[in-house]
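Q: Below is a structure I'd like to ask you about.
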Amino acid sequence: MRHEKSSSVTSTAFTPLRNKVFRSIWTATQIASLGWLIQTTAISWLMATTSASDVMVALVPASSTLPAFLLSILAGAIADGFSRRCVMLIGHCLIAFSSLMLAISVALGFVSPWLILGLGFLAGCGFAVNDPAWHASVGDILEKRDVPAAVTLMSVGYNIVRAAGPAIGGPILAFLGPLTAFVLAALSDLVD
């Protein structure tokens, strides 16, 4: 068995982060995802305190994940047919608008179960539109040899944030309330 020396053209796990564009988008995506998961925690808590219906509480995760199920094929086609940058911007605008409306609604004391579900669904639509464009753009941003490492970084980053979001969201809710959680989520969306 012959062993070849590693050359400087091989990709390491962190090589994609050397690319300024990838690093910027990847970092912004992690921040936005953290805000989204804090918001999801706050939405669930808000629904549980606003509605006595178990069904309405159970609909919270469905309202935010259903758009990915319904729109995934269409969102992929949109990402391939239009400027991926514009598609990602539209997705993040939907998410930011949803977060901002939740913050304003809580601040004004105008919160209803259907508003919570609707804005959660709208934010889910933003993620459903954004994610295929972001994943497809990786091949445009990086060299082909760096794409597997980039995909790994994207997965690892999201899984870390997926664990951290609710863990951070709980204390924010407990000590600062849902308004703070929604404002932080809206601010995290503006990072993108």
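Q: Are any of the residues in the stretch 64-84 at pLDDT 90 or above, closer than 22 Å to residue 35 by Cβ, in contact with a Gly (Cβ under 7 Å, 6 or more places away or on another chain) and not acidic (Asp, Glu)?
A: Yes: the stretch 64-84 contains one or more residues that are at pLDDT 90 or above, closer than 22 Å to residue 35 by Cβ, in contact with a Gly (Cβ under 7 Å, 6 or more places away or on another chain) and not acidic (Asp, Glu).
Q: Testing residue 7 on (1) modelled with pLDDT of 90 or more; (2) assigned to a loop (DSSP other than H, G, I, E, B); (3) among the small types (Gly, Ala, Ser), one condition comes back false. Which one is that?
A: Going through the list (1) modelled with pLDDT of 90 or more; (2) assigned to a loop (DSSP other than H, G, I, E, B); (3) among the small types (Gly, Ala, Ser), residue 7 breaks only (1).
Q: Still on this structure, please answer the following. Spot the failing condition for residue 182; the list is (1) within 19 Å of residue 24 (Cα to Cα); (2) within 19 Å of the chain's Cα centre (by Cα), and only one is missed.
A: Residue 182 satisfies every listed condition except (1).
Q: From the list 128, 164, 186, 107, which residue is more than 29 Å from residue 13 (Cα to Cα) and modelled with pLDDT of 90 or more?
A: 107
Q: Same structure again: Search the stretch 137-153 for residues that are within 17 Å of residue 84 (Cα to Cα) and pair each with any residue that is small (Gly, Ala, Ser) and crowded, with 20+ Cβ neighbours inside 10 Å when their beta-carbon atoms are under 9 Å apart and the residues are at least 6 apart or on different chains.
A: Sorted first by the residue in the stretch 137-153, then by its partner, the pairs are 137/79; 138/150; 139/150; 141/150; 142/150.
Q: Could you tell me which of the residues 104, 43, 25 is surrounded by fewer than 16 Cβ atoms within 10 Å (Cβ to Cβ) and among the aliphatic types (A, V, I, L, M)?
A: Answer to the check: 104.
Q: Of all helices (runs of 4 or more DSSP H) completely enclosed by the stretch 74-192, which ones contain at least 1 residues that are touching a Cys at 6+ places or on another chain (Cβ under 8 Å)?
A: Fully inside the stretch 74-192 and qualifying: 84-108, 113-141.
Q: Name the residue, out of 62, 58, 52, 68, that is hydrophobic (A, V, I, L, M, F, W, C) and either farther than 15 Å from residue 121 by Cβ or buried (at least 18 other Cβ atoms within 10 Å of the Cβ) (or both).
A: Just a single option satisfies the conditions, and that option is 52.
Q: Still on this structure, please answer the following. Answer yes or no as to whether residue 77 is without any contact (Cβ under 8 Å) to a residue 12 or more places away in the chain and either touching a helix residue (DSSP H, G or I) at 6+ places or on another chain (Cβ under 6 Å) or small (Gly, Ala, Ser) (or both).
A: So residue 77 passes the test.
Q: Within the stretch 16-61, work out how many residues are touching a residue at least 60 places away in the same chain (Cβ under 8 Å) and farther than 15 Å from residue 155 by Cα.
A: 19
Q: Tally up the residues in the stretch 133-151 that are crowded, with 19+ Cβ neighbours inside 10 Å and out of contact with any helix residue (DSSP H, G or I) (no Cβ under 7 Å at 6 or more places or on another chain), please.
A: Going through the stretch 133-151 one residue at a time, the tally reaches 0.
Q: Still on this model: In the stretch 150-176, what count of residues is obtained for those that are of a type outside the set (A, V, I, L, M, F, W, C) and over 17 Å from residue 29 (Cα atoms)?
A: Quick first cut of the stretch 150-176, residues of a type outside the set (A, V, I, L, M, F, W, C) only: 152, 155, 157-159, 162, 165-166, 169-171.
Within this subset, residues satisfying the condition of being over 17 Å from residue 29 (Cα atoms) are 169-171.
Summing the residues that are of a type outside the set (A, V, I, L, M, F, W, C) and over 17 Å from residue 29 (Cα atoms) in the stretch 150-176 gives 3.
The values are calculated or read from the model by the stated rules, or taken from the named source; none is laboratory data. In this text, all values refer to a predicted model and were calculated from it rather than measured experimentally. FYI the Cβ positions are ideal-geometry reconstructions off the backbone, even for glycines, and counts take in every protein chain you see.
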